[in-house]
1. Between rounded, prolate and oblate, where does region 429-496 land on the alpha carbon gyration tensor, with a ≥ b ≥ c its root eigenvalues, rounded for a/c under 1.5, else prolate if a/b exceeds b/c?
2. Could you point to the residue in 312, 338, 264 farthest towards the positive end of the chain's charge dipole, with +1 and -1 charges on the Cβ of Lys/Arg and Asp/Glu respectively?
3. Over region 490-536, average the accessible area per residue using a 1.4 Å probe and give it in Å², no decimals.
4. Using a ≥ b ≥ c from the Cα gyration tensor of region 1-116 (square roots of the eigenvalues), is it rounded, prolate or oblate, where a/c under 1.5 gives rounded and otherwise the larger of a/b and b/c decides, a/b for prolate?
5. Along region 281-293, what does the Karplus equation 6.51 cos²θ - 1.76 cosθ + 1.60 (θ = phi - 60°) give for ³J(HN,Hα), rounded to whole Hz, x for Gly and Pro?
6. Ordering 325, 7 by how much accessible area each has at a 1.4 Å probe, largest first, what is the list?
7. With the cut-off at 19 Å, report for region 288-367 the share of all Cα pairs above it, as a whole percent.
8. Got a number for the accessible area of residue 99? Probe 1.4 Å, square angstrom, nearest 10.
Amino acid sequence: MNSIKPFDLPLTQVAITSDYAHNIDLTRLSQLINPSHILKDKDRLGVYLYNSHGELSNQIIIDKEQHQVHNLNPGGITISDGDELFIVDDIEQAIALHLNLDSLNHSHSIVIAPPPVYDVTVKEYAQKQRVTIFAVAHEKAQQIKAFHSQNVRLISLIDPAFNDNLNTYKSFADFLDDKDIVQGIIDCRIGDLSKIKLGSLRDAVEQKPSKFPIDSFPPIIKNAIIALAQHTQSTIEIATMSILGALFAIAQRLVSCRFTHNTIAISTYLLTQAESSTGKTGCLKLSYYAIEKFIIKAEQEYRIGLEEWNKQLEKIKDSNEKLAFLSDNPKPMHPDFISEDATIEALMNKFVGKGYQDLVWQSDDAGIVLGGHSFKSDRLANVLSVLTGIYSKQIATRTRLNNDDDEKKRWCNLTIDLMGQSAVLEPILSDPLYTAQGFLARFLFVKSPDNRGHRIWNSIERLEESPYQDKRLLDFWQLCDQLLDPLPTLYPRNNDPAKDHRFIIEYDSIAVLKYHIDYQQKCELEQQNGKLYQFDKEIAGRLAENACKLATLFAFCELRRLTTVQDYERAIAIVDYCMSERLRYFQEIQASQKNEAELMIDWFIKYCKDNQTTEIGQRSFMQKLTPKKLRVKDVFWNNLNFLAETNHIFIDEINKKININPQILT
């Protein structure tokens, strides 16, 4: 705006006291400003208006009872030159406010901006310093909208006649604390904080558990799962993982999977989080029932065979003949392939030293396994490497203490079927080493809901129903019997010592292969930045592999040699469910721990309460903030800006201060 000269304005003649003696407002005003700024002409009076730079910008013209301005330039009449700047639109109110603030020893300056230029004047002055204005409560919203984002402090009044009693308070701050007069104080840069909804300090929205895909299982398996859950008063999730563990334990002895052009083991790692006394032990007992009977029967044959083997060995006296006998007649192997409380060393010794090719590491107390000697921190990386190696390469490795060369055995399958409580699994599932080395990424994971408190134990009908007479479980155990000892021609053994002896279940057609690799591609694309699996690439990279294992298992359970599209549809639904459970579980772990933004606002709340303030200097904030890791420049500003975006704080760039949302302090 070009500077205005006095002669550019309508009134140029300086008035004398007698000219405005009839006007009480101008008479009182003349005692507070330079009297030469009050002007006249034949019938009118006026006052010079100055902008925030002290430049003449406008003129108020008083013609009888009418008040007008010469132009719409920002400008006002300034009273006093203290610290806090107030802008009002009425001379009488301004004078009364000035006298009251003086009596309270409150340093201030007051600008009187006529109504036609009030808004533009407030905004112009707010470019240089904070402006305080008053508004009655019913006009508050209009004023907040008018001065949105401006450096304006709005005092919302319940009683518009506040000036009448302002001088009765001990201080202006005491006046502001009087809730009978002052409804609220709003910083127009951020609006009415008492009405602004605080944003979440969590990046992700809480997810609800997905519906368990029970209908994705073949009928005989689905029915067994439902029956198992009913008889044990357990959950569908626990029953499902128990049934799958038993089936994979059987399948890994006989078949392998076709994965595109490669062959992979069908053996699978299963992990279930379930709290104490939720039926884990009962589910495992019933789901492995047929396997247990098979092992007991085999043990009888084993003892007979071992006794005969020992008798034959004892008859041989010549050492060379004995060596020849042992070479042609290895010692009979104990048929029990289920290990519950084993160490990794014991498992590898069974594979490498004793000749086992199929083992199951099963426990309803994952703490015994994952918290045992094998998983101590000084040995953890090596143990995880061994377990990922046997999963992906079917190579069992036994480390010899006195030899640099490890002993290895090929074509070994290991199914891991573990269940544990949250106290045991949470630190493991959140440990980056377990995920980075790909160990946890290989697991199908399910978190069982806690049904304790909702089970019915005093039902006579339920007690009269024995699981050992339930047709659904009898059908399942009969299937397990068939799979444990199938006809040799169903899944013939490969006798080539250079290859895995297990029968490979193939794709039924190119269409099945295409369906599988389309899913693999979908999982790949979801790993891009901003997509669903952006932060879970290790796990997402195994989804197609686990789908292949499940689809092959479904074919095996129906005594088929080929997988179909339906097998993969079922398998993918289950794998996707397990992945969504994993993501939800990670969220729950994060939700139980405060993030950096929450730690920052917690500190600020305590600081404000301890010091009875609502603000802090930016530099002081960074210097005093704890924990100290939040003082790192990038960390500090990233979290500070996030708190501002979620309306927890306001960053005052002009005054280099941080203001807290008063909602948080109540």
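The values are calculated or read from the model by the stated rules, or taken from the named source; none is laboratory data. Fair warning: this is a prediction, and the values are worked out from it, not measured in the lab. Ideal geometry is used to build each Cβ from the backbone, glycine not excepted, and the neighbour counts take in all protein chains shown. For the accessible areas, the whole protein counts, side chains as well, though only heavy atoms, and no ligand, DNA or RNA atoms are used. Shrake-Rupley method; radii C 1.70, N 1.55, O 1.52, S 1.80 Å.
1. Working: a/c = 6.10, a/b = 1.08, b/c = 5.66.
Note, shape of region 429-496 comes out oblate.
2. Ranked along the dipole, the leading option is 312.
3. On the way: 3000 Å² over 47 residues.
With all protein chains present, region 490-536 gives 64 Å² per residue.
4. Numbers: a/c = 1.92, a/b = 1.30, b/c = 1.48.
Taking the square roots of the gyration eigenvalues as a ≥ b ≥ c, region 1-116 is oblate.
5. Listing the rounded values in order: 4, x, 5, 5, 4, 6, 6, 9, 4, 5, 5, 4, 5 Hz.
6. Values: 325 25, 7 160 Å².
Sorted by accessible area, descending: 7, 325.
7. Values: 1640 of 3160 pairs.
That tail contains 52 percent of the Cα-Cα pairs.
8. That residue has around 90 Å² of solvent-accessible surface.
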